[in-house]
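Let me begin by presenting the structure, written as structure tokens, before commenting on it.
The values are calculated or read from the model by the stated rules, or taken from the named source; none is laboratory data. Because the structure is a prediction, the values reported are computed rather than measured. Please note: Cβ atoms are built from the backbone with ideal geometry, for glycine as well, and neighbour counts cover all protein chains shown.
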Amino acid sequence: MKSGFETVKRYVSIYGALIRYSLIHEMQFKVNFLLWILVEFLWFGLQLVFMSVLYGHTESIAGWSKWEVVLLVGCNQFIQQLFHMLFVTNLSNFSELIRKGTLDLLFLQPVNTRFLVSVKKFEIGNSINALMGLAVVFYALTKLGKMPSITQWIGFGFLCLAGVSVHYSLMFLLACVSFWTVRAQGIVWGYYNLFNIARLPIDAFPRGAYRAVFTWVLPMLLVSNVPAKLLANTLSAPQDLLPVFGMAGLCYVVSEGVWRWSLRHYTSASS
């Protein structure tokens, strides 16, 4: 029986091969690659322009200054693009794997099927867009006159990974609807479009059902606001970090349960 280290090493090797294949495939269409980066850059720039227009009429929104909100937009961009780079394309194509019968072939591979479904395609272009978001984070911090400590940066990194995990688990859960419908891309991309909410300060929303839903059910606000608050030194207490990590664990457990339950009811494309 293989040790845990050998198993991890094997999966890292497989993922490395998948990344290399994705890069080779992407470089065959260089113009499309560059245009995608340009479109994402323009969209990100429009978000920053929108915030600048808002703050041309006010000094703060719910206690957030202009550069604190720019910091938030940068954090959201970083998390969103990491998520897109790793998972979005794969999960949006999940229903096609079922419809065409490709999922049946993946079951025959000596690798965890969920792993293959989730990471088959690596979007290198989004890594550049993620770096744009990180650059905006650094710029906003200089404008705020803040210099986060090493501990804060490490915490920020773990929060971003937890945020990506939350989004992955929830989108994977939604993708499992494909077992019962012909196509589920609309549901998956509908979730992705909710990222527009994540660039807004959580304090700008009045307490009530709307804020509760996007904090605890579809935790867009929680995932983006907490990392920004950590870097800006505006967290009320260190315990405010725990809900993000707790949500990451809970969402993964739920998505894994739904995945296993869905497989038990899957009759394959050939049945």
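When the range 225-271 is filtered for residues that are at pLDDT below 95, within 30 Å of Pro206 (Cα to Cα) and among the hydroxyl-bearing types (Ser, Thr, Tyr), the ones remaining, listed by number, are Thr234, Ser236. Scanning the range 212-231 for residues that are surrounded by 18 or more Cβ atoms within 10 Å (Cβ to Cβ) and not β-branched (Val, Ile, Thr) yields Phe214, Pro219, Met220, Leu221, Leu222, Ser224, Asn225, Pro227, Ala228, Lys229, Leu230, Leu231. Apart from one condition, Tyr15 fits all of (1) in a helix (DSSP H, G or I); (2) among the aromatic types (Phe, Trp, Tyr); (3) under 30 Å from Ile197 (Cα atoms); (4) at pLDDT 90 or above; the exception is (3).
Within the range 56-68, being crowded, with 17+ Cβ neighbours inside 10 Å and over 25 Å from Trp153 (Cα atoms) holds for one residue alone: Ile61.
Please tell me if Met85 is over 20 Å from the mean Cα position of the chain (by Cα), of a type in the set (A, V, I, L, M, F, W, C) and within 23 Å of Ile128 (Cβ to Cβ).
Numbers: over 20 Å from the mean Cα position of the chain (by Cα): no; of a type in the set (A, V, I, L, M, F, W, C): yes; within 23 Å of Ile128 (Cβ to Cβ): yes.
Answer is no for this residue.
Here Ala198 meets each of (1) modelled with pLDDT under 95; (2) more than 21 Å from Phe50 (Cβ to Cβ); (3) of a type in the set (Gly, Ala, Ser); (4) within 15 Å of the chain's Cα centre (by Cα) with one exception, condition (2). For first residues located in the range 136-161 and in a loop (DSSP other than H, G, I, E, B), partners that are surrounded by 19 or more Cβ atoms within 10 Å (Cβ to Cβ) and lie 6+ apart or on another chain with Cβ distances below 6 Å form the pairs Pro148/Leu231. Against the condition aliphatic (A, V, I, L, M), over 17 Å from the mean Cα position of the chain (by Cα) and in a helix (DSSP H, G or I), how does Leu230 come out, does it pass? Spelling it out, Leu230 is indeed aliphatic (A, V, I, L, M), over 17 Å from the mean Cα position of the chain (by Cα) and in a helix (DSSP H, G or I). Determine whether the range 213-227 contains at least one residue that is assigned to a loop (DSSP other than H, G, I, E, B), more than 17 Å from the chain's Cα centre (by Cα) and touching a residue at least 40 places away in the same chain (Cβ under 8 Å). No, because not a single residue in the range 213-227 is assigned to a loop (DSSP other than H, G, I, E, B), more than 17 Å from the chain's Cα centre (by Cα) and touching a residue at least 40 places away in the same chain (Cβ under 8 Å). Picking from residues in the range 91-107 that are of a type in the set (Gly, Ala, Ser) and part of a helix (DSSP H, G or I), the one that is nearest to Leu141 (Cα to Cα) is Ser92. In the range 165-181, the qualifying residues are those that are part of a helix (DSSP H, G or I) and among the aromatic types (Phe, Trp, Tyr), and the one that is surrounded by the fewest Cβ atoms within 10 Å (Cβ to Cβ) is Phe179. Filtering the range 53-68 to residues that are part of a helix (DSSP H, G or I), more than 13 Å from Leu144 (Cβ to Cβ) and modelled with pLDDT of 90 or more leaves only Val53.
Within the range 147-157, the set of residues being among the hydrophobic types (A, V, I, L, M, F, W, C) and either surrounded by fewer than 16 Cβ atoms within 10 Å (Cβ to Cβ) or out of contact with any Leu (no Cβ under 9 Å at 6 or more places or on another chain) (or both) comprises Met147, Ile150, Trp153, Ile154.
Conditions (1) outside any helix (DSSP H, G or I); (2) touching a His at 6+ places or on another chain (Cβ under 9 Å); (3) buried (at least 21 other Cβ atoms within 10 Å of the Cβ), marked per residue:
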{"site": "Phe33", "(1), (2), (3)": "no, no, no"}
{"site": "Leu38", "(1), (2), (3)": "no, no, no"}
{"site": "Leu48", "(1), (2), (3)": "no, no, no"}
{"site": "Val70", "(1), (2), (3)": "no, no, yes"}
{"site": "Gln77", "(1), (2), (3)": "no, no, yes"}
{"site": "His84", "(1), (2), (3)": "no, no, yes"}
{"site": "Thr89", "(1), (2), (3)": "no, no, no"}
{"site": "Val111", "(1), (2), (3)": "yes, no, no"}
{"site": "Phe115", "(1), (2), (3)": "no, no, no"}
